[in-house]
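Each remark here refers to the structure printed beneath this line.
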Amino acid sequence: MTLSTCIPEHVAIIMDGNGRWAQARGLPRTQGHRKGVEAVRAAVRAAGELGIRTLTLFSFSSENWSRPESEINDLMGLLKLFIRRDLADLHKENVRVCVIGARHNVPDDILPLLEDAENLTRENTATRLVIAFNYGGRDDIVRAARRLGRQVAAGTLDPDAIDAKALAGALDTADWRDPDLIIRTSGEKRLSNFLMWQAAYSEFVFLDCLWPDFDKAAFEAAIVEYASRTRRFGAVEARAVT
């Protein structure tokens, strides 16, 4: 099996290790985050070259607001810089940007930028870049339950009609398939509240490299590992990796 025949359609990445990368070099954490933005650019470019249709990046979790204010401000600044500096190139490369996560408490200077990125690239048909911002997997499920609850209260939905498909259809990710492969860098082996529902049958690859060191070679290595797996989706008969 060659790499070109086993490319997953949807890859999600937990980008971990910016702080440790900086610490190991005697640099402030902010430098690690800046280097991490370069890795984001490389990952998006590699996804397009590899033929990955959807790339989801866990950029900022709903729990990250508990970090020091100075670090949060730096992260917000980097996000704004990335959108302002890279959006035109993403649009030119036919990349569609989608944002998942709660929006009710997103800073006023960030939300319009996210919405502008979505609106500008809405008709693009190459790689879909999903930015998980202010996102938490449990919160995603809670918000989906509330959406369904409002429909029940309005009399437009029978409670007995709520099943796994209905709940999945109310999640932030309803418009695309669940991730085939979830990658986490830095050697940590946990989901950290990322895509809790959607990850039910995803394959996991945990890499020891820190996120700023993630490059196309690391991406390809994760896909090769993914290709070695047998996916059964709860059944006895195996399904080919696709």
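No value in this document is a laboratory result; all are computed from the given coordinates. A quick note: this is a predicted structure, and the numbers were derived from the prediction, not measured. Neighbour counts run over all protein chains shown; Cβ positions are idealised from the backbone, glycine included.
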Gyration tensor over alpha-carbon atoms, region 25-122, equivalent ellipsoid semi-axes in Å: 23, 18, 12
Suppose we keep just the DSSP beta bridges with both residues in the chain; what percent of those would be antiparallel, to 5? 5
In debye to the nearest 20, how big a dipole does the chain give about its Cα centre with +1 on each Lys and Arg Cβ and -1 on each Asp and Glu Cβ? 200
If you project the alpha carbons of region 183-227 onto their three principal axes, what span does each projection cover, largest first, in Å? 29, 22, 13
What are the trypsin sites (Lys or Arg not before Pro) within region 115-156 that DSSP puts in a loop, where the Cβ has at most 11 other Cβ atoms within 10 Å? 122
Please tell me the relative contact order of region 5-159 in percent, rounded to the nearest whole number, where contacts are Cα pairs under 8 Å and at least six residues apart. 26
Highest mean first, what order results for 101-108, 184-191, 46-53 on Cβ atoms within 10 Å? 46-53, 184-191, 101-108
If you consider only alpha-carbon coordinates, what radius of gyration and Dmax does region 102-153 have, in Å? 13.8, 39
Using the Cα atoms as the points, what is the convex hull volume per residue of region 94-218 in Å³? 147
Relative contact order (percent, whole number), region 111-240, Cα cutoff 8 Å, 6+ residue spacing: 19
